[in-house]
1. Within the stretch 103-114, count every residue that is under 23 Å from Arg151 (Cβ atoms) and loosely packed, with under 15 Cβ neighbours inside 10 Å.
2. Please enumerate the residues belonging to the stretch 91-130 that are under 23 Å from Asp78 (Cα atoms) and not in a helix (DSSP H, G or I).
3. Check Ser120, Ser71, Ser79, Ser94 and return the single one that is surrounded by fewer than 20 Cβ atoms within 10 Å (Cβ to Cβ) and within 18 Å of Lys42 (Cα to Cα).
4. Identify all residues within the stretch 131-160 that are part of a helix (DSSP H, G or I) and more than 15 Å from Cys39 (Cα to Cα); write none if there are none.
Amino acid sequence: MSGVKWVLGGLLVLALSWPVGAAASDCSLISDSDQRYFCRAKSSGSTSDCSLISDSDLRYMCRAVVGNSSSDCSLISDSDLRYACRAQAGGSSSDCSLVSDSDQRYFCRARASGSTSDCSLISDSDMRYHCRAVVGKSSSDCSLISDSDLRYRCRSEVGN
């Protein structure tokens, strides 16, 4: 996977994952500043930290998801992130089917449906554990994640 797609994919997973009001305890442990600000915004339920995010697509996603308004989604240049944004920010969950990356699409569908069945279709093991933990609201899968930033995000999202 190319570096740009990996970064966008990571941003997409991040954006799909956090419920507004997630526990903030692990946000400070996240090394990537954009992801840390997104975590803090979702934890507080306030868009003020969204303005600190340097990546414009993630900043728009943050404002849309935390502010619960899909209007900022249309400003996102990456199509996968835009579709996921619309699905999560009050749009239609059918937007998940438009996400081109299969792992991201399965995560989006699992998040939109609230069912972990699509998580099992995700080929990347860290993303699969993350999906099962977040959608199933169970922290046990967080400990199986090898990437430390993703593990911290997972614990913050699940609240443990």
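Each value in this text was obtained by applying a stated rule to the coordinates, not by laboratory testing. Since this is a predicted model, take the numbers as computed values, not measurements. We place every Cβ from the backbone using ideal geometry, glycine too, and count neighbours over all the protein chains shown.
1. Count: 1.
2. Gly91, Ser92, Val99, Ser100, Asp101, Ile122, Ser123, Asp124
3. None of the others qualify; the one that does is Ser71.
4. The answer is Cys131, Arg132, Ala133, Val135, Gly136, Ser139, Ser140, Asp141, Cys142, Ser143, Leu144.
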